[in-house]
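Participant: First the structure, which I've put down as structure tokens, then a few questions once you've had a look.
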Amino acid sequence: MDATVHTSLRPLLTLTGAGIQRQDRWLVRNVGLSVAPGEIVTLIGPNGSGKSTTAKMAVGLLEPDEGTCERMPGLSVGYVPQKLNIDRTLPLTVKRLLTLSARYSDAQIGEALFAVGIPDLVDAQVQHLSGGEFQRALLARAMIAKPDILVLDEPVQGVDFAGEVALYDLIQEIRDKTGCGVLLISHDLHMVMAATDTVICLNGHVCCTGTPEVVSADPEYVRLFGQRASEALAVYRHKHDHVHLPDGRVQHADGTITDHCHPDDGHHREGEAQEREPHA
Amino acid sequence: MGTIVRAKHKSANRMLDDFFTRALLAGIGLAIMVGPMGCFVVWRRMSYFGDTMSHSALLGVGVAFLLELPLVAGVFAIAVTVSLSLLFLQSRNALPTDALLGILSHSTLALGLVIVAFISWIQVDLMGFLFGDILAVSRTDLAIIYGGGLALLAVLIWIWRSLLTATVNPEIAQAEGLKPERSKLIFMLIMASVIAMAMKLVGILLITALLIIPAATARRFASGPEHMAVLASLIGGVAAAAGLFGSLRFDTPSGPSIVVAALILFLLSQVPALFAKPSQRPNDGALS
């Protein structure tokens, strides 16, 4: 699906019709997205919807089995993976964690740790950090190299609500200061950062793409993501042209029900809030 | 001209004439060299992998005898083959890694024993290969240990940043352009070389001990990865010297004595942990 918000700047990376197949099963398929300098793109979706797989394609950890992934030549990436367990046998201070992939001066390290709010933990062993402190340290590690793009796979996991808000503010601040692009994955449907330019709903494919608005829950969105989502704020207003039924089938806007949905199966319409390019 | 040079080195020569001095130099040199590698084996949880590679060395010995190759070449080739086979089998995802390692480890050891038994025309000192014979180290062996050891250390330093980042997280290393697969492969080649070099000194059954125990001992005192690597070298060197003097004093086999000395140092290093709160042990449960 080519449902991307096109900005005037040349994108840092672009996925076009990209998919990953494992043992006859498509983990994710037909993903189209692009991240421009200074743009914050958030991927949301239920468990198993292919968010991490999409992020891994974007940074080049996985080669798409169909479609393409174009990265700007010489693109530097700062990556925070979803899972990171540092073996307890490896002695590692926060300072050494930040200097893993390149050397930095004490001043740069201090600045990065100050920015993420843990300036006192420079000599702490990473295994002794709390979940929130560790996520901050990882964010500092990813941003210290001043990369062109930050790819953050659930950077606020294990962080309490106040910390979550602070981390999202911080990501926005980094973006404002350095002008880097940000590809953010959020498992939390209730909480998508306000500064997000583009939200992409994944559910094995791109369900919809749009600009977030903190307004009351969109009924279509609630139906897609379940009752729990309706108790909180919907992240943005958009109109789904199809509904995923509880049994996995798909009901389209014209009332028909199919086993799967594809953007070009004739059931999809142009939605007012969607910036989708017309399909044949 | 030659006589002058020889005269200058006379005292050094005489020193190296003593088999015990050669053994001491070989043991300490080897331990210092494998210290940083042992750290990576511990960090990457590769101790059973190291065991498998060193057990396969006996198959390498058998193949070398059969094909009349130099022993070191046979051992290196088989160790590399075994580690590449493991990578291939892992990618097939048919069996869990520990089962694959168990199959490879014991079948290569058994194959090696069978082949060596077949070679009736050569007197093979099986015990020498299994447990090492550091007291039989020649000057050439010393040259190989120090020359090869320095070369391997240089390669390890060259891939250090990439390998360490990949040890923390291979995805970060790859996303940030550090080529983790390449450094992983190079590290395997380093391991195969170490096994080929260390076989004669401590024997294939005890090589992994020399890699792991000093590194595990160093963990308690280390504040950073490089610090731990240097400490592991020093602790290994002390263990090698203590083990050899112990074997001289008590007339015990030299390879096992070095490992016992390393074990005693490890146990001593754990004493302070007995008095600390369990949650503060930096390495609890992670040394298996």
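Each value in this text was obtained by applying a stated rule to the coordinates, not by laboratory testing. Nothing here was measured: the structure is a model prediction, and the numbers come from that model. In this analysis, Cβ positions are derived from the backbone assuming ideal geometry, glycine residues included, and neighbour counts consider all displayed protein chains.
Participant: So for the range A:34-187, averaging the separation of alpha carbon pairs under 8 Å that are six or more residues apart and normalising by length, what relative contact order in percent results?
Facilitator: Computed over the range A:34-187, the figure is 39 percent.
Participant: Across the range B:220-236, in residue order, what do the Karplus-derived ³J(HN,Hα) couplings come to in whole Hz, using 6.51 cos²θ - 1.76 cosθ + 1.60 with θ = phi - 60° and x for Gly and Pro?
Facilitator: Karplus-based 3J(HN,Hα) across the range B:220-236 equals 4, 9, 8, 9, x, x, 5, 4, 5, 4, 5, 4, 4, 4, 5, 5, x Hz.
Participant: Ok, one more. If the viscosity is 0.692 mPa s and the temperature 37 °C, what Stokes-Einstein diffusion coefficient in µm²/s follows for the range A:95-169 when Rh is the Kirkwood radius over Cα pairs?
Facilitator: D, rounded to a whole number, is 262 µm²/s.
Participant: Arranged by the count of other C-beta atoms within 10 angstrom, fewest first, what order do B:Met127, B:Met228, B:Met33, A:Met72 take?
Facilitator: Exposure proxy ranking, most exposed first: B:Met127, A:Met72, B:Met33, B:Met228.
Participant: Compute the Cα gyration tensor for the range B:100-205, then decide on rounded, prolate or oblate, letting a ≥ b ≥ c be the square roots of its eigenvalues: rounded whenever a/c is under 1.5, prolate when a/b is larger than b/c in the other cases, and oblate in all that remain.
Facilitator: It comes out oblate by the Cα gyration axes.
Participant: Which of the residue pairs B:Lys179/B:Lys200; A:Lys56/B:Lys184; A:Lys83/B:Lys179; A:Lys83/B:Lys184; A:Lys56/A:Lys177 have a Cα-Cα distance greater than 23 Å in the structure shown?
Facilitator: The pairs that break the limit, which is 23 Å between Cα atoms, are B:Lys179/B:Lys200; A:Lys56/A:Lys177.
Participant: Still on this structure, I have one more. Give me the percent relative contact order of the range B:135-271, please, defined on Cα pairs under 8 angstrom at least 6 residues apart.
Facilitator: So the answer I get is 19 percent.
Participant: Another question about this same structure. Please compute the length gained on full extension between B:Arg139 and B:Lys179, using 0.36 nm multiplied by the number of residues separating them and subtracting their Cα-Cα distance.
Facilitator: 10.6 nm
Participant: Apply 1/(1 + (r/R0)^6) to the Cβ-Cβ distance of A:Ala162 and B:Ser85, taking R0 = 60 Å, and write down the FRET efficiency to the nearest 0.05.
Facilitator: E(calc), rounded to 0.05, equals 0.70.
Participant: Restricting to DSSP loop positions (anything but H, G, I, E, B) with no more than 14 other Cβ atoms inside 10 Å of their own Cβ, which GluC sites (Glu not before Pro) remain in the range A:59-143?
Facilitator: none
Participant: Please rank B:Lys200, B:Lys184, fewest neighbouring Cβ atoms within 10 Å first, as an exposure proxy.
Facilitator: B:Lys184, B:Lys200
Participant: First select every other residue whose beta carbon is under 9 angstrom from the beta carbon of A:Val122; then total the charges, Lys and Arg +1, Asp and Glu -1.
Facilitator: Residues near A:Val122 contribute -2 overall.
Participant: Still on this model: Once you order the gyration tensor axes a ≥ b ≥ c over the Cα atoms, which shape class does the range A:2-109 get: rounded for a/c under 1.5, otherwise prolate or oblate by comparing a/b with b/c?
Facilitator: Note, shape of the range A:2-109 comes out oblate.
Participant: In addition: Please list log₁₀ I(q)/I(0) at q = 0.17, 0.18, 0.28, 0.31 Å⁻¹ for the range B:80-134, using the Debye equation with identical point scatterers on the alpha-carbon positions.
Facilitator: -0.68, -0.72, -1.07, -1.18
Participant: Another question, if that's okay. Only counting other Cβ atoms within 10 Å, I'd like B:Ser162, B:Ser269, B:Ser105 sorted with the fewest neighbours first.
Facilitator: The most exposed by this proxy come first: B:Ser269, B:Ser105, B:Ser162.
Participant: Given points 7 Å out from each Cα along the Cα-Cβ axis, report the B:Leu150 to A:Ser130 separation in nanometres with one decimal.
Facilitator: Reported label-point gap for B:Leu150 and A:Ser130 is 5.2 nm.
Participant: Answer rounded, prolate or oblate for the range B:21-85, using the Cα gyration tensor with square roots of eigenvalues a ≥ b ≥ c: rounded when a/c is under 1.5, else prolate when a/b is larger than b/c, else oblate.
Facilitator: Verdict is oblate for the range B:21-85.
Participant: Which value results when the Cα radius of gyration for chain B is divided by 2.2 N^0.38 Å?
Facilitator: Relative to the rule-of-thumb radius for its length, chain B sits at 1.04.
Participant: Next up: For A:Val28, what residues show an amide H to amide H distance below 5 Å, using hydrogens built from the backbone and excluding near sequence neighbours?
Facilitator: For A:Val28, whose amide H was placed from the backbone, the distant partners under 5 Å are A:Ile20.
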